[in-house]
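Right, one structure below, let's go through it.
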Amino acid sequence: MTDQVRLTAWVHGFVQGVGFRWWTRARALELGLVGYASNQRDGRVLVVAEGDRESADRLLALLRSGSTPGTVDLVVESWDTTRGDLSGFVER
């Protein structure tokens, strides 16, 4: 069985008002992850995703890929065990 993880990623840059959350949701659903992408008051987007480690790593790589809407300057991630309190993947 693949390890289940919780990825929390703070995405810095020009990532609000450009379809970034929608794009992130689409990629996460393709990867079978659950969670959310949420605009923050300071201009960052908070991405929280749970699922298998390989899929979460792939999402993190996509967030850093340069192929996102807008411009990502920095992604700061942390890893934790799953909480199991998420379903689907939503934009907040």
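Quick notes
- Degrees, to the nearest 10: 20-30 long Cα axis against longest axis of the chain: 20
- Overall dimensions of the chain as given by Cα atoms, namely Rg and Dmax in Å: 12.0, 38
- The T82 and A26 beta-carbon pair, evaluated with R₀ = 25 Å, returns a calculated FRET efficiency of approximately 0.70.
Where a number appears in this text, it was derived from the coordinates with a stated rule and is not lab data. Keep in mind it's a predicted model, so treat the numbers as computed, not measured. Here the Cβ is made from the backbone with ideal geometry for all residues, glycine too, and neighbour counts use every protein chain on show.
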